[in-house]
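A.B. asks: Structure incoming, see below.
The values are calculated or read from the model by the stated rules, or taken from the named source; none is laboratory data. Please read these numbers as outputs of a predicted model, since none were measured by experiment. Here the Cβ positions follow ideal geometry from the backbone for every residue, glycine too, while neighbour counts run over all protein chains shown.
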């Protein structure tokens, strides 16, 4: 009889960065999903279990030139030629006290098995520029 495993919500983040963003995609940036351990503190790789990417959060600063949305692409390959999350746009939510800061959120619900612990992301603006300050991927593992 198959065993049902409880999902464990995980977070992979770039930490604080400054990535200049324009209306053209930049070269894909790697994000390591294997920065976690199992409940018994052993290294755990993404490829060991099925997982679901459920949400992606991007925080931006220095919004200028009419930038009102971001388009995100996520790939399992470093060239960005294969698709994990297709080109998907989200409106920016601007800061209440600092309107040149804000963020965008994507609810994606993608089930995947990867051949590597690395995924690659790239972003472009609809117009103008902004600086990406952090990217967060929320995903689940069955543990």
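A.B. asks: For the range 13-38, name all the residues that are at pLDDT below 95 and buried (at least 17 other Cβ atoms within 10 Å of the Cβ).
C.D. replies: Answer for the range 13-38, where residues must be at pLDDT below 95 and buried (at least 17 other Cβ atoms within 10 Å of the Cβ): 14, 31, 33, 36.
A.B. asks: Among the listed residues 94, 113, identify the single one that is over 25 Å from residue 10 (Cβ atoms) and more than 13 Å from the chain's Cα centre (by Cα).
C.D. replies: Unique residue meeting the criteria: 94.
A.B. asks: Right, next: When you scan the range 121-143, how many residues do you find that are within 21 Å of residue 52 (Cα to Cα), surrounded by fewer than 19 Cβ atoms within 10 Å (Cβ to Cβ) and modelled with pLDDT of 95 or more?
C.D. replies: Number of matching residues: 2.
A.B. asks: For the range 91-98, state whether one or more residues are assigned to a strand (DSSP E or B), surrounded by fewer than 17 Cβ atoms within 10 Å (Cβ to Cβ) and modelled with pLDDT under 95.
C.D. replies: There is no residue in the range 91-98 that is assigned to a strand (DSSP E or B), surrounded by fewer than 17 Cβ atoms within 10 Å (Cβ to Cβ) and modelled with pLDDT under 95.
A.B. asks: Filtering the range 99-126 down to residues that are in a loop (DSSP other than H, G, I, E, B) and touching a residue at least 60 places away in the same chain (Cβ under 8 Å), which residue is farthest from residue 27 (Cα to Cα)?
C.D. replies: 113
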